[in-house]
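Please read the structure below before turning to the comments.
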């Protein structure tokens, strides 16, 4: 086992990894930028190293600065968390070159699965279904139209070198195909300097369901069932759960088998996630490979709560060369878990990220509730990084119990000083379609007006009374300062 | 009317007959944050109104603001990623004037009305604060 691990990340995931290290008796080494010198992950780690100024490019994204910190502290391994350098094959290779264990898959696997086309080709080779589509080598309009007709309508025509929805056209029937191709080509050429087009069958209102996999260095690869991640805004997940209300045991076995087959074909090691689009529900549902995430996912706790497996601990054990402690048959799903992501953002202003001081921040504590947080009262949400404040995970024997626990916890989770999506999440968990488990990736946008309607309205007289009372109560304190003395604030300078 | 009893730092019990609820509050009197029943209000203690919805910071996006200065300023501390206009240029409502970047997101600043750009008050890469107009229209 490693003696020490450097955590090349910040926020809640750095805190999560530090906790896993502590359990295993491994020294945890935090890194931080100037914006984070008072952050929770820095206060909790056994050692902490400044790696640069606030901008991520000069700190958390600087592989060089992180490797330097690892050398200075004698770290034996690096946990990249998610985001930042977690999916950088170059960084994984530099770690290996520096004699450090990278807690993740090998560099070559990250590179291959990071390329959409290479990953898709590998999936096809492994017999994993992909969304039917083609990039005709003959790029004349008529040839593309013929390829689209072979796929069946509706289809999507999009630039083959692209992203962000630019030049993407949904074509409901053959009659509107040729004008759409011409327009997509113009937009593709203008935006990417390349008019090559790709046609794909449109999966209407799909679910996003992913399978957790993990492999060791001894040839064993297992899956840990699915997570349903259909509730998204701006293509970012905000509520995840396990199991998926749409997945039956037979479908689960098929999807799990496909994910393991792909991981095996890729030579996968450590934790990873195979994302699928799910069309329909039940035994007859069809699923299509979307992409593979070669790292720990934000939503990993719903898998942990329903399988009893500690995924971060598993990552560390596997990276140190240990075997997976369970076979596929020994793994079970039990009960239901729901995660909500608490973001510093304003749902009433197009989810605009918010930054500011956490004047008051109290995490709820109640049966069946776990909070993976990265902040503390008296700290702040910085303008420099992702606005994720914490993840609240609730579990119970049934989906409805998990849902009710999440609601009760959100109603006991005051975050003041920075606006968050907390009230919006409450409205979402109370929406009839969420209660019924009728989820698809378009739900949040389609129901947004309904979800926001509950948030409008003047403050009730009780809230005004509390505000006025607090005025008297707080008179003795600095009105701009935090409402309470925060223990981490007191720790300031303790490293000095 | 409900009674309010402080029960801890920033924590209050709201008592209405036999009904009891827990509330939290923090912040200065002109913008005091209150948490009650899962909802958050930012209240001006004197007027008793929610400043986030009615006050100067309560601008809602979509060009509905009567206050042009706010429409032309950053909604939060942000870095200027791109400037799409120059002084003298004519713009139409909705035209992209400035692209700001904050927290991994691009935030567009769009023209709230038609007009001519009188001045651009920021530079690329500059960190700008909310409420200060980045472009002046005439």
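The values are calculated or read from the model by the stated rules, or taken from the named source; none is laboratory data. Worth saying up front: this structure is predicted, and the values here are computed from it rather than measured. Using ideal geometry, Cβ is built from the backbone for each residue, glycine included, and neighbour counts are taken over all protein chains shown.
Which count do you get for residues in segment B:70-81 that are outside any strand (DSSP E or B) and either at pLDDT 85 or above or loosely packed, with under 15 Cβ neighbours inside 10 Å (or both)? Don't jump to the end; show me each part of the working.
From segment B:70-81, those outside any strand (DSSP E or B) are B:70-72, B:75-77; that's our starting set.
Checking the rest, the ones that are also either at pLDDT 85 or above or loosely packed, with under 15 Cβ neighbours inside 10 Å (or both) come to B:72.
Summing the residues that are outside any strand (DSSP E or B) and either at pLDDT 85 or above or loosely packed, with under 15 Cβ neighbours inside 10 Å (or both) in segment B:70-81 gives 1.
Of the residues A:331, A:416, A:392, only one is closer than 25 Å to residue A:246 by Cβ, in contact (Cβ under 8 Å) with a residue 40 or more places away in the chain and crowded, with 18+ Cβ neighbours inside 10 Å; which?
On the way: A:331 fails: crowded, with 18+ Cβ neighbours inside 10 Å; A:416 fails: closer than 25 Å to residue A:246 by Cβ.
Only one candidate qualifies: A:392.
The rows are residues; the columns are (1) outside any helix (DSSP H, G or I); (2) at pLDDT 90 or above; (3) within 26 Å of the chain's Cα centre (by Cα).
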| residue | (1), (2), (3) |
| --- | --- |
| A:138 | yes, yes, no |
| A:144 | no, yes, no |
| A:167 | yes, no, no |
| A:178 | no, yes, no |
| A:181 | no, yes, no |
| A:203 | yes, yes, yes |
| A:223 | yes, yes, yes |
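Among the residues in segment B:12-25, are any more than 7 Å from chain A (Cβ to nearest Cβ) and at positive phi?
Of segment B:12-25, the ones more than 7 Å from chain A (Cβ to nearest Cβ) are B:13, B:15-22.
Of the ones still in play, those that are also at positive phi are B:17.
Yes, segment B:12-25 has at least one match.
Do the conditions hold for residue A:352, that is, is it in contact with a strand residue (DSSP E or B) (Cβ under 7 Å, 6 or more places away or on another chain) and without any contact (Cβ under 8 Å) to a residue 12 or more places away in the chain?
Judged against the criteria, residue A:352 is a match.
Could you list, ordered by first residue, the pairs with Cβ atoms under 8 Å in which the first is in segment A:273-288 and more than 26 Å from residue A:113 (Cβ to Cβ) and the second is assigned to a strand (DSSP E or B), at least 6 apart or interchain?
Note: pairs meeting the criteria are A:280/A:286; A:281/A:207.
Mind checking whether some residue in segment B:54-69 is under 22 Å from residue A:419 (Cα atoms), within 7 Å of chain A (Cβ to nearest Cβ) and at pLDDT below 95?
Yes - at least one qualifying residue is present in segment B:54-69.
Take residue A:110 and tell me if it is closer than 26 Å to residue A:212 by Cα and either in a strand (DSSP E or B) or out of contact with any helix residue (DSSP H, G or I) (no Cβ under 9 Å at 6 or more places or on another chain) (or both).
Judged against the criteria, residue A:110 is not a match.
Just to be sure, is residue A:117 closer than 30 Å to residue A:205 by Cα and touching a strand residue (DSSP E or B) at 6+ places or on another chain (Cβ under 9 Å)?
Considered against the rule, which asks whether it is closer than 30 Å to residue A:205 by Cα and touching a strand residue (DSSP E or B) at 6+ places or on another chain (Cβ under 9 Å), residue A:117 comes out as no.
Could you list all residues from segment A:453-481 that are modelled with pLDDT of 85 or more, within 11 Å of chain B (Cβ to nearest Cβ) and not in a loop (DSSP other than H, G, I, E, B)?
Listed by number, the residues that qualify are A:461, A:462, A:463, A:464, A:465, A:466, A:467, A:468, A:469.
Looking only at segment B:13-31, which residues are touching a helix residue (DSSP H, G or I) at 6+ places or on another chain (Cβ under 6 Å) and modelled with pLDDT of 95 or more?
B:14, B:23, B:25
Looking at A:252, A:227, A:233, A:269, which one is under 30 Å from residue A:422 (Cα atoms), in contact with a strand residue (DSSP E or B) (Cβ under 8 Å, 6 or more places away or on another chain) and crowded, with 16+ Cβ neighbours inside 10 Å?
Among A:252, A:227, A:233, A:269, only A:227 is under 30 Å from residue A:422 (Cα atoms), in contact with a strand residue (DSSP E or B) (Cβ under 8 Å, 6 or more places away or on another chain) and crowded, with 16+ Cβ neighbours inside 10 Å.
Give segment B:36-52 a look and list any residue that's out of contact with any strand residue (DSSP E or B) (no Cβ under 7 Å at 6 or more places or on another chain), more than 7 Å from every other protein chain (Cβ to nearest Cβ) and not in a strand (DSSP E or B), or say none.
Once the filter is applied, which keeps residues that are out of contact with any strand residue (DSSP E or B) (no Cβ under 7 Å at 6 or more places or on another chain), more than 7 Å from every other protein chain (Cβ to nearest Cβ) and not in a strand (DSSP E or B), segment B:36-52 yields B:46, B:47.
Checking the conditions here, which among A:118, A:65, A:92 is surrounded by fewer than 17 Cβ atoms within 10 Å (Cβ to Cβ), in a helix (DSSP H, G or I) and in contact with a helix residue (DSSP H, G or I) (Cβ under 8 Å, 6 or more places away or on another chain)?
None of the other options fit; the residue is A:118.
Is one or more of the residues making up segment A:199-208 closer than 30 Å to residue A:329 by Cβ and buried (at least 21 other Cβ atoms within 10 Å of the Cβ)?
For segment A:199-208, residues closer than 30 Å to residue A:329 by Cβ and buried (at least 21 other Cβ atoms within 10 Å of the Cβ): present.
In the set A:373, A:321, which member is within 30 Å of residue B:52 (Cβ to Cβ), away from chain B (no Cβ under 14 Å) and at pLDDT 95 or above?
Matching residue, one of A:373, A:321: A:373.
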